[in-house]
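Any read-out appearing in this document is the output of simple, stated calculations on the displayed coordinates, not a laboratory observation. From a predicted model like this one, the values you see are computed outputs, not experimental measurements. Quick reminder, even Gly has a Cβ in these numbers, built from the backbone with ideal geometry, and neighbours come from all protein chains shown.
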Ligand SMILES: Nc1ncnc2c1ncn2[C@@H]1O[C@H](COP(=O)(O)OP(=O)(O)O)[C@@H](O)[C@H]1O
Ligand SMILES: [Mg+2]
């Protein structure tokens, strides 16, 4: 059975896409069959992160009814030569009509149909969905069909408050998704295990990770995969630990 994992954050720019791309790469390196779907039409970044310059077909085209989901699915080659990493990229929504399309797609169940098709035709172990910020109806719907929800947050009051709403709402789903919290860009000076204990207590959640702010991540300019460039970095070790919860 494939595991569907949604990655969400209350606000934009918290590190969702970076996390998705790196976890997907590690899972593929571990021999898992993995696909990533970029639903972030506000600012799609996964194609650049994975080095896919100008994808011909995207999730937008599928939702518009212009192509089947298979045509919008691109095979990525990870250096370990596992041909088992796939990306459905998104295009920036310059005309501002994607919300309408998403809404219609949601009504017609287009996303759920696409996820099912990807899982079946690609024989996936893991399907990762990069969600956009905020809690729209479509987002809640996607979380509802996910086995796991990864929430990325930064250590500030607004993110703590927004993320607790997400946790509360999704805990009422039947069945509720497993929840993993990733506190990203922890400034130096914070004590990781103290912060983790505190977050576990606040959210009643056992699976909590912290990642420090790292210039090495920023300096990759959103066009390379950190774990491939820094396979021995402590952050890579933390990300590998995370993957043990995802398989
Ligand atoms: N731990 C980190 N340390 C430093 N920079 C980070 C870290 N995580 C993410 N970033 C940077 O923050 C920016 C936003 O990350 P991104 O993954 O695009 O966020 P989101 O998908 O949530 O909008 C990117 O430039 C990324 O390189
Ligand atoms: Mg993003």
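Compute the length gained on full extension between residue 54 and residue 197: take 0.36 nm times their separation in residues and subtract their Cα-Cα distance, giving the result in nm to one decimal.
47.2 nm
Looking only at the chain, where both bridge partners belong to it, what percent of the DSSP beta bridges are antiparallel (to the nearest 5)?
10 percent
By per-residue mean of other Cβ atoms within 10 Å, what is the highest-first order of 189-201, 40-52, 172-184?
Highest mean packing first, the order is 40-52, 172-184, 189-201.
For residue 107 and residue 219, what does the FRET efficiency come to when R0 = 51 Å and r is the distance between their Cβ atoms, rounded to the nearest 0.05?
0.75
Just check the stretch 3-243 against the gyration tensor rule for me: Cα atoms, a ≥ b ≥ c as the square roots of the eigenvalues, rounded for a/c under 1.5, and otherwise prolate or oblate depending on whether a/b exceeds b/c.
Oblate is the answer for the stretch 3-243, as a/c is 1.5 or above yet b/c matches or exceeds a/b.
Using label points projected 7 Å from each Cα along Cα→Cβ, tell me how many nm separate residue 43 and residue 147, to one decimal.
If labels sit at residue 43 and residue 147, their model points lie 3.2 nm apart.
Multiply the residue separation of residue 188 and residue 174 by 0.36 nm, subtract the distance between their alpha-carbon atoms, and state the gained length in nm to one decimal.
Residue separation times 0.36 nm, minus the Cα-Cα distance, leaves 1.1 nm.
How do the peptides 139-151, 86-98 rank, highest first, by the average count of neighbouring beta carbon atoms within 10 Å per residue?
139-151, 86-98
Can you give the calculated 222 nm mean residue ellipticity of the chain, where each DSSP H run of n ≥ 4 adds -39,500 (n - 2.57) and the sum is split over every residue, rounded to the nearest 500 deg cm²/dmol?
Taken over the chain, the calculation gives -11000 deg cm²/dmol.
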